[in-house]
Structures are given as structure tokens and as C-alpha cells.
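The structure appears below as C-alpha cells.
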Amino acid sequence: MTLIGEPLLSVRNLKTYFVQDEGTVKAVDGVDLQMNARATLGIVGESGCGKSVTARSILRIVDRPGRIVEGEIWFRRPAANGGTGSQAVDLAKLEPNGVEMRSIRGAEIALIFQEPMSSFSPVHSVGNQIIEAIRLHQEIDRRGARGKAIEMLRRVGVSSPDQRIDQLAHQLSGGLRQRAMIAMALSCSPTLLIADEPTTALDVTTQTQILELMRQLQQEDGMAIMLITHDLGVIAEMATDVAVMYLGRVVEQAPVDAIFHSPKHPYTRALLRSIPRMRARSRERLTPIAGAVPHPYDRPAGCPFHPRCPDFMAGTCDRESPGPRTVGARHTVSCFLYE
Amino acid sequence: MLAYIGRRALLAVFTVWAISMLAFAIIQLPPGDYVTSYIAQMASMGSVVTDEEAQNLRIQYGLGQPIYVQYWKWMKQIGDGNFGFSMEWRRPVTEVIGERLWLTVVVAVSALLLTWVLALPIGIYSAVRQYSIGDYTATFVGFIGLAVPNFLLALVLLYLGFTMFNAHIGGLFSPELQDAPWSWARVWDLLKHLPIPALILGLAGTAQQIRIMRANLLDELGKPYVVTARSKGLPETRVIVKYPVRMALNPFASTIGYTLPYIVSGSIIVSLVLGLPTVGPLLLRALISQDMFLAGTIVLLLGIMTVIGTLISDIVLVWIDPRIRLEDT
Amino acid sequence: MAVAADAGALPSTSTADRQRIFVASQWQLTWWRFRKHRVAVASAIVVAGFYLVVPGADFLACSDPSASEAQRSLMPPQLIHWFDEGRLRPHVYGLKGARDPKTFKRVYQPDPSQKIPIRFFAQGFEYRFLGLFPMSRHLIGVDPGRDASTTIFLLGTDVQGRDLWSRLMYGTRISLTIGLLGVTMSLVLGVVLGGLSGFYGGILDTVIQRIIEILRSIPTIPLWMGLAAALPRDWTILQVYFAITIIISLLGWTELARVIRGRFLALREEDFVVSARLVGCSRMRTIFVHMVPSFMSHIIAATTLALPAMIISETALSFLGLGLRPPAISWGVLLQQAQNVQTVAISPWLMLPAVPVIVAVMAFNFLGDGLRDAADPYGR
């Protein structure tokens, strides 16, 4: 088993573009990310900043016409057959539907995502879909897989799982569906779970329960979680590290305390100012971020945030694009203020 | 599920009743009746029908009675398996129609099967390889298939067969087996003649089904459950066949109900061009000579056939989609 | 994705362009999207060309479409020779007819020694333009003193020796207007019944839906045949024309009603409709001021897509001899002459009327598809 501190996933200068007749959408444009085993990395950013595409790029399931045009995705695979060594592969170099990528996808990196309503096939039973996942990656007969699926459903807190397993997804509530989804994702004991807005579509109570469940399962199974969200509250509750994304780039990555207590990037600061605080002075106004997110077809030159940045330096920020700088322990920021 | 099928069956019965009314009404619409056209026919051949004779004929065929009485009598006869008497052929309607009805069914069903066999794989291919050369080709051929009325297609193929191969591609049997009793040789002969009419009749439907399948599948391919299936690490083919194709089959299957009437309609007019021994040419002749029971029976039987076909497609649909199956239980 | 979709309509999307999109009316958005669909734009031009023939049939025809002459039976199409001795001087060769001594069929040979010059905007047979203004000019004609109906046969002649080109022009007029009239009637039926069904729902909806289902599950051609066969033989061309229009529209309204009902159902719950009702708009005002404009473009698209079926129906009925009957001229009537494969094998030009049928149907289909895509400016 990998230990905390050992890098599990390392994304370097990842670029995923959607080339269309109308123009190229640079959904992910030079993302750098570091993730340790058993850690929880929160990825925050506004809608359309490339969070989900980053996740799908790692899994190599980006829909056409999108494709990875540059960059590396180093993933540390656990040694086969319980050996002690482990080996790193560059996922970006693998064939998206090749044997090796498919043996990683679902088995070592699993995905749960936003739409619990439609992420299960409406015409197959929940069990059918979980058993399929189990049998795909493990040498196990149908009966054994079924037992395992029931066990997994019980672990995620589905009551009477031996009956639920034969139900169709639309017979389950939203919360139960997301639990079943987690059961399916964790059925093959992945080392990395990518959770793409796992609680956005749920009500607040269910949201808390699901987050609690994820934390508990993480402690039991020891997987790392990449938690994609736009909810800073969720981040504060769950994450050990945070990466802040803006227009296809990671502008700042740091341990969760550093992000909340000493944010460096102007965008991170603006983001934090725009959320309400519990112990805020009464009548304190929230500050929205000035301007609007630029259109995907006309990204600004230089630093993507410069048209909205309060610390904009003419001649620098609109000419060149800043690279990541280390400003503290596990703390990097991409901004000319720190060059 | 039973409630659902029951509802569909009820609607089917209702439809058949409506068709029987329409069929009978249509026959009653033309001014004059069979006797009028019989008199005209006789006159053209130089003989005169007296008023008394005409009156007797009308009584014999029950033509003088009110329409609803005639309808009721017709329905009662049908209940006994007697579809009436063809006045032009001077034989019972069932005898005149004979095997033509079954040949109509054979032609329509083979066209329908061909539609499916072609449309399903091509539609899937077109959606999965959207904007590929194959997709464009299928779309283009599909548009041609939709734009060329089937009787014109029949005409063109007939012409090409005649001028290029000096062969008559029409008919369902070779001349020597035309009126022969059924035998394996005759069945084989039928099978050999079937592809061309089936293709002509099925082309427009195929084109339409390809478009439906393509559009449905494109919709389904974007759904989150496809991403889920993919993220499990399933091979791409299995992802597509097990999930989105299965879902896209649903609206695809529900359109059989509309394809069948279309094919049956088409078979009438294509039969005329290709000289197929189906009920088509018989219907046209019966309508022109106002042979009312024959025409009415053909319209009624065609309608019933179509309704049964639609009912079967409904049942198939229930079998494919468990959501409908569970709806009323 | 709404923003990205708008950008799709306009390749170069600067901020100013986006401002333009935000304030554009729905018709503008529809037009912008439609303009991008090149095949649809080309089809629109083809359709417009077809409909120019409707008022212009007399002008485009060379000779009286019913002028028959056994001596000119089944003449092949003539080629137009554009140059004569190196100079632009369009002409056709005269045709010499003779009987084949063996088959006794008339055969025609072009006679290069006999050059008949073609004149544009020439005098020809008299007609009334738009039924009002007496005229005798035609697009193509011959020198005064000659008779076009005995000399120019751009597409050959039929069995009775009538000029196919001229007949095709008149046939186009009838076939296209019958389609347009039929679709208008279908539209009225479809809007009224589909609208009632979708807006009121309940029992009315159920009844109308069942009627539609029944009509759609009946094979239509036998029904049409039955109805058409019922038309009295002694009716005038005009009476038959309107009767056939009514017959094809009676069975064609179901699809339109289905589309309109669907739009009504979708819109009934939309916020702007609900709020219109809440501020006290009358039912009629809600329907006609708030709902109908928002799916006008859908109606236009559905109507365009319904037209080809109308055209094919008329052609099929007339082809069977149950629709329009000679002396009326329509595409179907013209194609009737091509029913016999032996005749067609000897005179393949008799199949030419199939070409406009196919081209028109395709053009309407592409145009309708383009309109349907464009009708949803914020859609995919």
C-alpha cells in the first residue's frame, strides 16, 4: 500500500482542446497538479473553468472532438499481485480504449459524478451495473460478484441491499442513487476516486451524509479523493489540499489551511471574498468578482485573469503568462506578483 | 404490463371498427352503385338492361336498403366468415382475393424486416462515427431514399432492368409458376423475386429509420450513464451496445407502428407498377368498377393487417423497455 | 452551453457580436442560424425557383400544352446548338419523321441542313399573364412566321405529339399549388386540433389523440384511392383539383397537430406563459400573443416538411388515374404516360417529369430540416 506523502498523481502542463469548425475551445490549458496517496485534493473554480474536463482527461474519457494535445499525467500504479514495488505510467500516452487504460479505469481510478438521476442506465438494474464493474476487473463468478455487490451496498449504507440490488435506478431516491454510485465506484478498491461535484444535485442533509460516507470509506480503504466542486464549504470540510482553477489553469495549489488563511493569487482572494462567512460583521457586503468569465473562444492573452484582476500590471500580465512558483510548503501560485 | 397491452388491444379493436366504417363509407360515396356501372358496361357492349332487370339486381344485392342496414348486414356476414360477393367477378370475395392477401403480407413483412436489418446497423454506425464519410454517405443515400417516391423508384428499376439486362424484374413468380399450386419450387421462386419489391418498398422506411436511430443514439451517447459505463473500463463496443443502443431501440421500435401502414400503402401502388399479384391491382380495379364488397373487404383487411402489425410492435416495445412493463403493475 | 451555441452561429464572436446576440429578436437569431446551413439556403433558392414557375408557366412554355398532332408523336428531345459557324447563334435542327418499314413505328432523324434559330422573348401563342394581362411573349420561341409548337421540342413530345417541356411547366404549376393549398388546409386543421389538444388537455386531448392514432395506423393510399374513386367523373378540372386537395390534406394534418400539441404542452408550463396568465391575460391573448409567436418558426419548419408528402400524394394518385385526370396537367398525369415499361424503353424522356418531383421533394426536405434546426436558436 502506498503511504501518505508519496505522490500518487502528477499532472504536468496538461492541455485538452476541443477543435471545432467554429474555433478551438481550450478547456484545459496547461494544468499542473500534484496529488499524494490517501490525500483529498479539492479542485475549485467557477463553471466552465475546466475542472470536469481535467478529471475526464485523467480517465481518458474526453468526448470527441476533445483531445489531449500536450502534457503528462503520471499515475503510480500499485504493484501487481500484492508486490511491494509500484510503477508510474503516463496516462496521457496510453491508448484511450486500450487494454492498459481500461484496466486502470474503474479499477484503480474510479469516477462518481454530478447527475445521480441519469448516471445509472434506466433500463438495467442497479445490481446488474455494479456486478458488471466487479466482474470486469476481478476473476469472480456471477454469484460471488453479486455477494460482493450486496456487501458494497451495505457498506455505503443502503438498507436491505439484497432487495435494492434488483431495482432500477429510478426506483431509488437521489441520495440512495449516489450511495449506489459510490458502491459501484469503490467495488474494485481504487487508489484514486475522482468525485466530480458529487453532492451538487442533492439536498443539504443528504449532501452532508454523502460527504460523511466518503470520508469514512476513505479512512477504511485508504484511497485518495479528487473532489471537484464549486462549493468552498465542502472543500473546507473535506480537503487536505486545494487547487484553484481559472480558465483551464491551476492558478494556485496549497494545503487547505494556507488557501483559507493566506491565499496568494488575486483570484483565490477574490473567490474567498465572494462567499458569506459565519462570523462576519453584520451588514458586511459580499464582494462579487468584477467582470465576467471571458468567452471560451476569446481567451485573453497573457495571464487569463488579468482583465478582472485588481492587481493588474500593464505590460506584464497582458503579455506573458505566469508559470507556477513555489511560495511555501506544497504551496504554488501562478502570478507575476510573486515572480 | 397486462393493463398496457390491454389498453393497446382495446385501441386496436376501436381502430378496426373505425376502419370498417370508413371502408364502408368510401364504398358508398360514389354516385350510383354497381348496377349503374353494370348498365353502363352492358350499354357499351350493345345490350340494354331494362329497368325491371336493374330493380331485380338491386334487390338481389340488397342495394336499395338504408346504408346502416347494408353496413350491419355486411358486418354480420363477416362475422360468419363471408365477406360478401364480388359483383364483377361473380364469385365470393374471399375466393377472388385468395392468396393475394397472403402475398401482400409476405411483401410487406419482408420490406419491414429489410428496413430493420439495414437501418439498425447503419444508424448505429452513423451516430457513433458522426460526420465520417460513412455517415455522410448514409445520410445522402437516406435523403435520396426519402425523396424518391417508391413507385418512381420501381419505374426506374423496371426501365433499367428492361434496357440493360433485357429482363422483366417485376412480378413475384416466374411465368411458368404463376398459377402453379404451392410447392418448394414455387416458394423458392417467390424468395428469388422478393428482394427487389422489398427493397423498393423498404427504402424510404429504411432512410427514415436510419435518421431516427442516428438522432436517438446521438442523444443517448451524451447521457451521463454512458460516461459511467465508460469510466468502469468497459470496452467501447460493449459500452455502446449494452447501454445507449438499448435505449435508442425504444423510440426506434415505437416507429414500426407508423412504418407498417406506410409500407402497406406503398405496396399497393408499387404492385401496380411491378405487376405483383397482391391485392393492390385488384383494389384499383374494384374501385374503378365500383365492385363495393371487394373494394371494402380489401381496405378492411389491409387496415386489420396493419393494426395487428402495430399491436405486435407495441408488445415488442413493452418487452424492450422495462419502464413500461412496470408502469401499471 | 447556450453561449457556446450562439457562438456556433457566428464564427467570429467578439464582445460586440455577443452584445448583438443578446438583443437580437428571435427571427434574427433564426435567420443567422439558418444562413449557416448552406444546403438549406441552396434548397431555399431551388424552392423559390420552382415557385417562380407557378405564375410564369405560360411565359416559360414554348407552345400550347394541349396542341396535339399525331404526326409529331413521341419525338425525342432536341439538343440546342449554341454556336453556328463560330458565332453565338442558338438553333435546333429540324426533325425529319419517317416510318420504319419493318416496325411501322415513326422514327425521327435530326436534319442538320435545316437550322431553326431560337429567339428569346419571342412571340408565340396568346395567354393571360396571372390570368389578367393578355400577352404573347415567351422566353423561348422561333421567328415570326414559324410555329413553335411544330418546331421546338426541348424535352421531346408525348404519345399525342404534345410538347413535353411546355406540359411540364403547366404541370409544375398545378402540382406545386396543390401541395401548397393542401398543406395550408392541413395546417389549419393541425393548429386548431393540435392547439385545442395541447392547451386544454383532459378529455378533449384524449379524444383528439386517439383520432390521430387511428388515422396514423391506417394505410393511407387505399383510403385515398377510395375517396378519389368516389369523385364524380363529370366534375370539372377545378372541382377535381379542390377535391383532391381536400383529400390529401384530410389525412396529412395529423403530424402537424402532433408537433403543435407537443409545443403547447412544453410551453404551457414555461415561466413566461404562467406569468402571462398570472397577470391576468385572457386565454386568447396568452395563446396568440405569448405562445404562438414562440413556436411560429417550428410551425413553419413542420409545414415545409409536410409539403413533400403532399406533392408525392398528388403525384401518386394522378399516376394511378384516380387523381387529376387529363386534360388537367400535373406531374402525376405526365408520369401516367410512363407507366408502361415498353413505351418507356423506346421513349425514355417520358420519365423526365420524375426529375422535378424528386428535386422538389429533396429541396423541401433540406429546407425544412434547415428551418427546424434554425427554429431553436438557443438549442444545441
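The values are calculated or read from the model by the stated rules, or taken from the named source; none is laboratory data. Source: prediction; values computed, not measured. Reconstructed Cβ throughout: ideal geometry from the backbone, glycine too, with neighbour counts over all protein chains shown. Heads up: the accessible areas ignore ligands, DNA and RNA and are worked out on the full protein's heavy atoms, side chains in. Shrake-Rupley method; radii C 1.70, N 1.55, O 1.52, S 1.80 Å.
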Please figure out what share of the DSSP beta bridges in the stretch A:174-307 is antiparallel and state it in percent, rounded to the nearest 5.
-> 55 percent
For chain B, calculate the relative contact order in percent as a whole number, restricting contacts to Cα pairs under 8 Å that are 6 or more residues apart.
-> 30 percent
Arrange the residues C:Asp100, A:Asp203, C:Asp84, B:Asp291 by how much accessible surface each exposes, largest first, with a 1.4 angstrom probe.
-> A:Asp203, C:Asp100, C:Asp84, B:Asp291
Got a sec to turn the phi values of the stretch B:146-154 into Karplus ³J(HN,Hα) couplings, 6.51 cos²θ - 1.76 cosθ + 1.60 with θ = phi - 60°, whole Hz, x for Gly and Pro?
-> 6, 7, 8, x, 4, 5, 5, 4, 4
Report the local net charge at A:Asp231: Lys and Arg +1, Asp and Glu -1, summed over other residues whose C-beta lies under 11 Å from its C-beta.
-> -2
For A:Glu72 paired with B:Thr50, estimate the spin-label separation in nm (one decimal), with each label point 7 Å from Cα along the Cα-to-Cβ line.
-> 11.3 nm
Once you charge only the Cβ atoms, +1 for Lys and Arg and -1 for Asp and Glu, what is the size of the charge dipole of the stretch A:78-217 about its Cα centre, to the nearest 20 debye?
-> 380 debye
For the protein assembly as shown, with the dipole built from +1 on Lys and Arg beta-carbon atoms and -1 on Asp and Glu ones, taken about the Cα centre, which of C:Thr236, A:Leu272, C:Gly332 lies farthest toward the positive end?
-> A:Leu272
Estimated FRET transfer efficiency (C:Met284, C:Val39; beta-carbon r; R0 41 Å; 0.05) = 0.55
With the solvent-accessible surface defined on protein heavy atoms using a 1.4 Å probe, which residues belonging to the stretch B:261-301 display a reduction of at least 40 Å² in accessible area in the multichain context relative to the isolated chain?
-> B:Pro261, B:Ser265, B:Ile269, B:Leu284, B:Leu287
For A:Ile43, distant residues with modelled amide H under 5 Å away = A:Leu227, A:Ile228, A:Thr229, A:Ala243
Count charges around C:Phe83 for me, please; just the other residues with Cβ under 13 Å from its Cβ, Lys/Arg as +1, Asp/Glu as -1.
-> +1
So for the protein assembly as shown, taking the charge dipole from beta-carbon charges (+1 Lys/Arg, -1 Asp/Glu), which of B:Leu191, B:Phe14, C:Leu74 sits furthest toward the positive end?
-> B:Phe14
Rule-of-thumb Rg ratio for chain A [Cα; 2.2 N^0.38 Å; N residues] | 1.03
Do the sum for the protein assembly as shown: with -39,500 (n - 2.57) for every DSSP H run of n ≥ 4, divided by all residues, what is the mean residue ellipticity at 222 nm, to the nearest 500 deg cm²/dmol?
-> -17000 deg cm²/dmol
Under Karplus coefficients 6.51, -1.76 and 1.60, residue-wise ³J(HN,Hα) of the stretch A:22-39 in Hz, glycine/proline x = 6, x, 9, 8, 8, 5, 10, 9, x, 8, 10, 9, 10, 9, 9, 5, 6, 8
Ignoring ligands, DNA and RNA and using a 1.4 Å probe, state the total buried accessible area between C and B in Å², rounded to the nearest 100.
-> 3700 Å²
Carbon + sulfur, % of accessible area of chain B - ligands and nucleic acids excluded, 1.4 Å = 68 percent
Given the Cα-Cα distance of C:Trp27 and C:Ala70 and 0.36 nm per residue of separation, how much length would full extension add, in nm?
-> 9.9 nm
The protein assembly as shown, Kirkwood Rh and Cα Rg, ratio Rg/Rh at 1.06
With a 1.4 Å probe on protein heavy atoms only, tell me which residues of the stretch A:89-119 lose at least 40 Å² of accessible surface in the complex relative to the chain by itself.
-> A:Asn97, A:Arg102, A:Arg105, A:Phe113, A:Ser118
Rounded to the nearest 0.05, what FRET efficiency do C:Arg106 and B:Glu95 give with R0 = 51 Å and r taken as the Cβ-Cβ distance? Could you check?
-> 0.65
The ³J(HN,Hα) series, computed from each phi in the stretch C:342-347 with the Karplus coefficients 6.51, -1.76 and 1.60 at θ = phi - 60°, rounded to the nearest Hz and given as x for glycine or proline, is 5, 5, 5, 4, 7, 10
DSSP beta bridges in the protein assembly as shown [antiparallel fraction, %, rounded to 5] = 75 percent
Quick one, could you list the DSSP H helices from chain C stretching 24 Å or more along their long axis (Cα atoms) with average Kyte-Doolittle hydropathy of -1.0 or above?
-> C:38-60, C:164-200, C:292-320, C:354-374
Given a Förster distance of 60 Å, the FRET efficiency implied by the Cβ-Cβ spacing of B:Tyr131 and B:Gln65, rounded to the nearest 0.05, works out to 0.40
Once Rh is set to the Kirkwood radius over Cα pairs, what Stokes-Einstein translational diffusion coefficient, in µm²/s, holds for the stretch A:157-299 at a temperature of 4 °C and a viscosity of 1.567 mPa s?
-> 73 µm²/s
Can you sort C:Glu213, A:Glu320, A:Glu70 by 1.4 Å-probe accessible area, starting with the largest?
-> A:Glu320, A:Glu70, C:Glu213
The base-10 log of I(q)/I(0) that the Debye equation returns for chain B at q = 0.07, 0.08, 0.09, 0.14 Å⁻¹, one scatterer per C-alpha, is -0.40, -0.51, -0.62, -1.18
Return, ordered by residue number, the residues of the stretch C:190-205 whose backbone nitrogen is under 16 Å from a label point located 7 Å along Cα→Cβ of C:Arg277.
-> C:195-205
Solvent accessible area, Å² - C:Ser275, 1.4 Å probe, full protein context = 50 Å²
How much of the accessible area of the stretch C:132-291, probe 1.4 Å, is carbon plus sulfur, in whole percent?
-> 67 percent
Per residue, accessible area of the protein assembly as shown with a 1.4 Å probe, heavy atoms of protein chains only, in Å², comes to 46 Å²
If each of C:Arg325 and C:Ile203 carries a label point 7 Å out from its Cα toward its Cβ, how far apart are those two points in nm?
-> 4.5 nm
If you find the alpha carbon centre of the stretch A:1-72 and of the stretch C:295-346, how far apart are they in angstrom?
-> 58 Å
Taking a 1.4 Å probe, which of A:Arg285, C:Arg258 shows the most accessible area, and what order do the others take after it?
-> A:Arg285, C:Arg258
Give the carbon-plus-sulfur fraction of the accessible surface of the stretch A:1-146 in %, rounded to a whole number; probe 1.4 Å, heavy atoms of protein chains only.
-> 47 percent
Net charge of Cβ neighbours under 11 Å - reference B:Ala119; Lys, Arg +1; Asp, Glu -1 | +2
Residues of the stretch A:135-172 with amide nitrogen under 17 Å from the 7 Å Cα-to-Cβ point of A:Asp203?
-> A:172
Here the residues of the stretch C:332-363 whose accessible area is at least 40 Å² smaller with all protein chains than in the chain alone (probe 1.4 Å) are C:Val341, C:Ala345, C:Met351, C:Ile358, C:Met362
